[in-house]
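Beneath this line is the structure, given in structure tokens, with notes to follow.
The values are calculated or read from the model by the stated rules, or taken from the named source; none is laboratory data. Quantities reported herein were computed from a predicted structural model and do not represent experimental measurements. Cβ coordinates were reconstructed from backbone atoms using ideal geometry, including for glycine residues, and neighbour counts include every protein chain displayed.
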């Protein structure tokens, strides 16, 4: 079974171009033409056409960067293979108007020669073509021909910005060369890449890689993201500070080489910004811009910051693959306003209600083991303990005279707070929803039954617990129906409802929905049982 | 060694929030507050605040979607764990003004209860709060509580759009419910996810997954991207067509669940658009929007298309994580204009030049084995064969009287075409660059030497071959210096230059740069040797 979402490896470049052609304002080279290329749909011949390209496998570079404010066209070779001279030349012919064309080329021999010869031939055809080579890699300090890496897209952005602004070819080329001479990039991977159609082992962590899956400068064993960032920054800053002076303000580009999750990119961003402090005046990304197929790694590109470069890098562009940029700032926070405690016991007292509550909590504490046992047959066996937690909290508050037993709305708010905090699990939240909504209804003048009904409705809405679901609702719902006839009647209805849950063997919500019929049969739902116990105890104690 | 770019697993949520806080116009909950949340910096109390959240691990959902036109705030639990009622409530307090607040909740019990209770409590505090639950999963058709998946972000977008436009809470909530009831999502993965701090094996391909790494509805073995798309579309379209009718125009969201490369996403896009034809009237993504950390998979969300939804989904928003959308169109192509053949032999003839060329090509063909042998000692042993390919082509053209021997510019263009097409490798391109540039210079009136010098300069520029590099330049450069004294003098200079390459043991470009000194010593560079042979033969044949 394939380990990636590819079809035929040979078709991958054509499929990628088709995706662009169907979703973006571009034209692609006709099938069977022997050329793979993407050209922006609306080109102004009075604007310099910025063209890039090279082997495929680095998407969105370069095909995904074709569009207003970035590239006029991209010439795409096969994976990791330079496009032919004829392919480059045909694209130059397609996009070059009176203003001329700038070819932005990554520093690989094949790309340099093929784009170079295409430029020479285009010139003999009367086209005005300049070539800028990007060689931003700093992984191999003794190599006089550094590789072109993610810094290339910053050259695209600056050149594309100036071209759109109407700058002439000499100006665009000069600015592109200036950026190309300023960018420095260092990359790190946890695994090497696999091309479409390839399968097999990947190399482990390396520092200083190119974009064609060649081995990195050295193997590493970073302990985590922070150390990975430090490993990249040490040689990178040595070069950047050596060239431009320590403390030079910087533009940073954090590039995903293909395999990073969004979560990892966020962690890397934090680590980069912590490490560089306020030297980073502009951050491009994090984003996948110059990938090496699915290499699980990142590269960091640094460029001295100045206002002209910043203006060019921050102007909006049409291609959605351009991730935009941000000006890193200090963290702005807010202090969450936590809930105030209820005004414990601020309302009236009612001895009957207090007696009912006392009896109910007592009954629940007495039934703890039995409820746990019931739960053990259909769940995780802690229902009695959970309920006892809430009952204990209520009993303690009652003894401490902290409950407004004579003021239903206040009492419900007090009880809601207790069960939410002390009962635990979802039952506490469900009961708190019921009590909170009832308190709201009572505050607005509803009678006892209507308030509880409002609460039960909210439980249905938020918890989706409905009658017949083997939950406390199976006792509460009939009890409320009978409550106008007194607590004794409600208790009776609750008891019948609770007992009936033993016959409910197919449920659609809650954990019981995962259980087999023969497991459920004959087992009363512990939540419904608890409701019946509460009402029975209340009725007995208050002669309700 | 860790296999991902994380630091402490426990710190990951805080680090992700720090990244947002430093790079985006948001405020985050103060450290140590017990709450993880992101709030947009500039909130208008006269606008409905659209709030979402849930467990972390789905970034950019939801924290990365906070900003103008999308979410007013996101409440973030730990990885895959619902935020507390207090956390949700504190955020609702922070962002809810006179216009109220809409909570968009994915359909998981914990989220529903905690957001639900927070809503109830917020209401008792006088805040106007509505809750919309999204349950777009269609993987488990018998489940009455479908999971909330990537369709949630479409609800965000529509609600955020209307809220920004000033719609009241009832209108925003109704529109959000309408979208929530219309979205249907199906997902497929090649591997399951690993949370930060986890390591170990991943499950293999599954269809119908949620976003919390629970096993999918069934294991699958797709043969590639196209079949993966078909596996997702079959049950998804059954639901969508069943609900809305076959052929209903659709909005599609192609979501990366975390581990797809840009290349795979492009292939999947093509396969989805091919499979759905012109039913897709609007495509959101492809992009990572609702991830399951690094799950290597994708989900496809479909929603009936109408103009109101389309307007809401296409309006620009501030958060860069929103990928924008496109209206899929048929493929627009261009026909690459290939180069015309040179006008073979259209120029004058010169018997001396013809004699020189004939002798030179003969000498190169005679030297084929010797040049291959030289190359075998320092390279891959095919230099003589490569050069012979070019020489044969030139000799054949000469015999067929297709060369303008009496017109230097035309001749150079003809030879450039021959060597580019028939010589192969980078040598053919290098020689073609030289000849093309020389032709250009000659067309503009340069003398023979100046034209060749211009060509050599271009070789230096595009190929970075300079004197001392063990290349043909080591013979060409001195030869050009002597050419004003005749071909014989140039041949002598070329011979000395070629012989001198045997002493060059440190080079910085070309393949020789990878070789050890003791390997290079005493071996003449075959390219330089070929130049000397050409000039010696030419001089002898023409008595130059």
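With the requirement that a residue be within 14 Å of chain A (Cβ to nearest Cβ) and exposed (fewer than 14 other Cβ atoms within 10 Å of the Cβ), what does the stretch B:338-365 give you? Those that are within 14 Å of chain A (Cβ to nearest Cβ) and exposed (fewer than 14 other Cβ atoms within 10 Å of the Cβ): B:340, B:341, B:343. Scanning the stretch B:239-251 for residues that are in contact (Cβ under 8 Å) with a residue 12 or more places away in the chain and out of contact with any strand residue (DSSP E or B) (no Cβ under 6 Å at 6 or more places or on another chain) yields B:243, B:247. In the stretch B:162-179, of all residues being surrounded by fewer than 24 Cβ atoms within 10 Å (Cβ to Cβ) and in contact with a helix residue (DSSP H, G or I) (Cβ under 7 Å, 6 or more places away or on another chain), the one that is nearest to residue B:70 (Cα to Cα) corresponds to B:175. Can you spot a residue in the stretch B:47-58 that is in contact (Cβ under 8 Å) with a residue 12 or more places away in the chain, under 22 Å from residue A:265 (Cβ atoms) and not in a strand (DSSP E or B)? Yes, there is a match, as at least one residue in the stretch B:47-58 is in contact (Cβ under 8 Å) with a residue 12 or more places away in the chain, under 22 Å from residue A:265 (Cβ atoms) and not in a strand (DSSP E or B). Residue count for the stretch B:1-32 satisfying the condition of being farther than 19 Å from residue B:54 by Cβ and not in a helix (DSSP H, G or I): 14.
Residue count for the stretch B:193-226 under the criterion of being within 30 Å of the chain's Cα centre (by Cα), surrounded by 15 or more Cβ atoms within 10 Å (Cβ to Cβ) and farther than 27 Å from residue B:5 by Cβ: the result is 6. Applying the criterion of being assigned to a strand (DSSP E or B) and within 11 Å of chain A (Cβ to nearest Cβ) to the residues of the stretch B:98-125, the residue that is surrounded by the fewest Cβ atoms within 10 Å (Cβ to Cβ) is B:103.
Among the conditions (1) free of Cβ contacts under 8 Å to residues at least 24 places away in the same chain; (2) out of contact with any strand residue (DSSP E or B) (no Cβ under 8 Å at 6 or more places or on another chain), residue B:225 misses just one, which is (1). Checked against the criteria, residue B:286 does not count as modelled with pLDDT of 95 or more, more than 25 Å from residue B:209 (Cα to Cα) and in contact with a strand residue (DSSP E or B) (Cβ under 8 Å, 6 or more places away or on another chain). Going by what's in this entry, would residue A:380 be described as surrounded by fewer than 15 Cβ atoms within 10 Å (Cβ to Cβ) and under 30 Å from residue B:125 (Cα atoms)? No. Scanning the stretch A:448-479 for residues that are on the phi > 0 side of the Ramachandran plot and at the interface with chain B (Cβ under 10 Å from one of its Cβ atoms) yields a single hit, A:464. Of everything in the stretch A:59-80 that's assigned to a loop (DSSP other than H, G, I, E, B) and within 11 Å of another protein chain (Cβ to nearest Cβ), which residue is farthest from the chain's Cα centre (by Cα)? Among those that are assigned to a loop (DSSP other than H, G, I, E, B) and within 11 Å of another protein chain (Cβ to nearest Cβ), it is A:61. Only residues that are within 13 Å of chain B (Cβ to nearest Cβ) and buried (at least 20 other Cβ atoms within 10 Å of the Cβ) were counted in the stretch A:132-145, giving 3.
Among the residues making up the stretch A:3-19, those that are under 21 Å from residue A:71 (Cβ atoms) and either facing chain B (nearest Cβ under 7 Å) or in contact with a helix residue (DSSP H, G or I) (Cβ under 6 Å, 6 or more places away or on another chain) (or both) are A:12, A:15, A:16, A:18, A:19. Of the residues B:42, B:128, the single one that is modelled with pLDDT under 95 and either within 10 Å of chain A (Cβ to nearest Cβ) or surrounded by fewer than 22 Cβ atoms within 10 Å (Cβ to Cβ) (or both) is B:42. Consider residue B:185 carefully, then state whether it is out of contact with any strand residue (DSSP E or B) (no Cβ under 7 Å at 6 or more places or on another chain), under 22 Å from residue B:322 (Cα atoms) and modelled with pLDDT of 95 or more. No. Residue B:83 fulfils the conditions (1) part of a loop (DSSP other than H, G, I, E, B); (2) surrounded by fewer than 24 Cβ atoms within 10 Å (Cβ to Cβ) except for a single criterion, (2). Hey, does the stretch B:170-181 have a residue that's assigned to a loop (DSSP other than H, G, I, E, B), in contact (Cβ under 8 Å) with a residue 40 or more places away in the chain and within 20 Å of residue B:60 (Cα to Cα)? Scanning the stretch B:170-181 turns up no residue that is assigned to a loop (DSSP other than H, G, I, E, B), in contact (Cβ under 8 Å) with a residue 40 or more places away in the chain and within 20 Å of residue B:60 (Cα to Cα). A single entry from A:266, A:246, A:275, A:228 fulfils the requirement of being modelled with pLDDT under 95 and either in contact with a helix residue (DSSP H, G or I) (Cβ under 8 Å, 6 or more places away or on another chain) or in a loop (DSSP other than H, G, I, E, B) (or both): A:246. Screening residue B:35 with (1) in a loop (DSSP other than H, G, I, E, B); (2) under 27 Å from residue B:162 (Cα atoms); (3) within 7 Å of another protein chain (Cβ to nearest Cβ); (4) in contact with a strand residue (DSSP E or B) (Cβ under 7 Å, 6 or more places away or on another chain) gives one miss only, at (2). What is the residue count in the stretch A:298-337 for residues that are within 18 Å of residue A:183 (Cβ to Cβ) and either within 13 Å of chain B (Cβ to nearest Cβ) or at pLDDT below 95 (or both)? Here the count works out to 7.
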